[in-house]
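I have placed the structure first, in the form of structure tokens, so that the comments after it can refer back to it.
The values are calculated or read from the model by the stated rules, or taken from the named source; none is laboratory data. All values derive from a computational prediction rather than experimental measurement. Methodologically, a virtual Cβ is constructed for each residue, glycine included, from the backbone with ideal geometry; neighbour enumeration extends over all protein chains shown.
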Amino acid sequence: MKFSKVFSIIGVVLCVCSSGIASVPQLLNYQGRLASGGGTPLDTTLSITFTIYDAASGRSVKWTEAQSSVVVAGGIFNVLLGSVNPISDTVFSGDERWLGVKVGSDPETIPRSRLVSVGYSHRVGTVDGAAGGNISGSLSVNDNLSVGSWEDHYIEIADRRKRIRATADPDGALIFYTHSAQANPRWEFRNLNDESVKASIDGIDGNAWFDGTTSTDVLEIRGGSDLAEPFPVSNDEELPAGGVVVIDENNPGHLKLSTEPYDKRVAGVVSGAGGIKPGLTLKQEGFMEGNQNIALAGRVYVLAITENGAIKSGDLLTTSSTPGHAMKATDSSKSNGAIIGKAMTELEQGQGIVLVLVNLQ
């Protein structure tokens, strides 16, 4: 039986169906008109096959379904394309799509109908339930941009590296992070103009380098308890942690272990004894550099000996005749300029380590 056919797409609702909170149906709302060869509107039920192609002619099928019981009333029928065979988002991944309609056993209608955008689909306000896709060109986000979860997702641009532009200022910085699978992941803050590194952080709990002035209201240091400075040591000798050091008059700018009591050349204590690390170190690269950190202030463990009596909390400590060891200072006439600091723990007899509050005087 031959039909006179007039078809029109009256609405389009198509997106990826998702298991998220805003699942969107994968359907096209489609309306058509059927009449007899003489033009009389039909009232019947019949089968109609719908096919989406990527060309106006040929057999490049992207999707198809047959709806076996389409009700036609007064010549008009309405169907939801995708209600039999869901339309995936990949069906519309190309530039052009065409719809072919086949009624019953009749040949498919010619020409195919080109599928075009509903007016407001040119500018989408929100996207819910999307599961992948690509964006060509620039993407502008006026509010917050959230990508997956902190644990599993990230913004990835170019060769497994994550980059985030930290500011819109042309002279601002670019945060650059190597992939976490690499042996030594690093954060780098780079100048956008010349790509020079202004700051870097190795690992999550690693070291950080900053180029320029750093300003902060409060600085809390949790990795150590003393203020230290790296000094060159005479003969590049590896000094013991907790050793008392003095200025080496024969090597300007160098230090060496103390070897005599009440030495006014006393300079500090080698950091690191008793598991206490330097909390803050000071140096200028290329000038005031050294190979061992010497505590100049703060709390540090010092090698001690009781050659001048048992050491009690609150005692002033000075150099002793035992290399690198501190003893209790009892002679005030010799103490001026030879004091290391004040003992905070005790040593009853022999040698050991004593916690000292370094305060050279």
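Hey, residue 56 hits all of (1) closer than 23 Å to residue 134 by Cβ; (2) touching a Lys or Arg at 6+ places or on another chain (Cβ under 7 Å); (3) surrounded by fewer than 19 Cβ atoms within 10 Å (Cβ to Cβ) but one; which does it fall short on?
With (1) closer than 23 Å to residue 134 by Cβ; (2) touching a Lys or Arg at 6+ places or on another chain (Cβ under 7 Å); (3) surrounded by fewer than 19 Cβ atoms within 10 Å (Cβ to Cβ) applied to residue 56, the lone miss is (1).
Based on what the data block shows, is residue 318 surrounded by fewer than 18 Cβ atoms within 10 Å (Cβ to Cβ), over 48 Å from the mean Cα position of the chain (by Cα) and modelled with pLDDT of 95 or more?
Spelling it out, it is not the case that residue 318 is surrounded by fewer than 18 Cβ atoms within 10 Å (Cβ to Cβ), over 48 Å from the mean Cα position of the chain (by Cα) and modelled with pLDDT of 95 or more.
In the set 272, 341, 286, which member is surrounded by fewer than 14 Cβ atoms within 10 Å (Cβ to Cβ) and closer than 28 Å to residue 221 by Cα?
From the options 272, 341, 286, the qualifying one is 286.
Looking only at the range 59-75, which residues are out of contact with any Pro (no Cβ under 6 Å at 6 or more places or on another chain) and surrounded by fewer than 16 Cβ atoms within 10 Å (Cβ to Cβ)?
Within the range 59-75, 59, 60, 61, 64, 66, 68, 69, 71, 73 meet the criteria.
Regarding residue 298, is this residue touching a Leu at 6+ places or on another chain (Cβ under 7 Å), at pLDDT below 95 and within 15 Å of residue 354 (Cβ to Cβ)?
yes
If we scan the range 259-266, do we find a residue that is assigned to a strand (DSSP E or B) and more than 15 Å from residue 226 (Cβ to Cβ)?
yes
Name the residues in the range 79-114 that are under 51 Å from the mean Cα position of the chain (by Cα) and in a strand (DSSP E or B), would you?
Selection gives 79, 80, 81, 98, 99, 100, 113, 114.
Being at pLDDT 90 or above and either out of contact with any Phe, Trp or Tyr (no Cβ under 9 Å at 6 or more places or on another chain) or part of a loop (DSSP other than H, G, I, E, B) (or both) is the requirement here; does residue 72 meet it?
Spelling it out, residue 72 is indeed at pLDDT 90 or above and either out of contact with any Phe, Trp or Tyr (no Cβ under 9 Å at 6 or more places or on another chain) or part of a loop (DSSP other than H, G, I, E, B) (or both).
I'd like to check something: does the range 318-333 contain any residue that is of a type in the set (S, T, N, Q), in a helix (DSSP H, G or I) and on the phi < 0 side of the Ramachandran plot?
There is at least one residue in the range 318-333 that is of a type in the set (S, T, N, Q), in a helix (DSSP H, G or I) and on the phi < 0 side of the Ramachandran plot.
Looking at the range 64-93, I want the residues that are under 20 Å from residue 108 (Cβ atoms) and among the hydroxyl-bearing types (Ser, Thr, Tyr) and have a partner that is part of a strand (DSSP E or B) and modelled with pLDDT of 90 or more with Cβ atoms under 6 Å, at least 6 apart or on another chain. Which pairs are those?
That search, which allows pairs on different chains as well, returns 64/51; 68/47; 69/45.
Check whether at least one residue in the range 34-45 is under 55 Å from the mean Cα position of the chain (by Cα), modelled with pLDDT of 90 or more and over 30 Å from residue 134 (Cβ atoms), and report yes or no.
No - not one qualifying residue is present in the range 34-45.
For the range 182-233, which positions are acidic (Asp, Glu) and either at pLDDT 70 or above or assigned to a loop (DSSP other than H, G, I, E, B) (or both)?
Within the range 182-233, 188, 194, 195, 205, 211, 217, 220, 226, 229 qualify.
Specify the residue that is surrounded by the most Cβ atoms within 10 Å (Cβ to Cβ); the eligible residues are those in the range 234-245 that are in a loop (DSSP other than H, G, I, E, B) and of a type in the set (D, E, K, R).
Within the range 234-245, the match that is surrounded by the most Cβ atoms within 10 Å (Cβ to Cβ) is 237.
Look through 307, 346 and report the one residue that is in contact with a Lys or Arg (Cβ under 7 Å, 6 or more places away or on another chain) and without any contact (Cβ under 8 Å) to a residue 40 or more places away in the chain.
None of the other options fit; the residue is 346.
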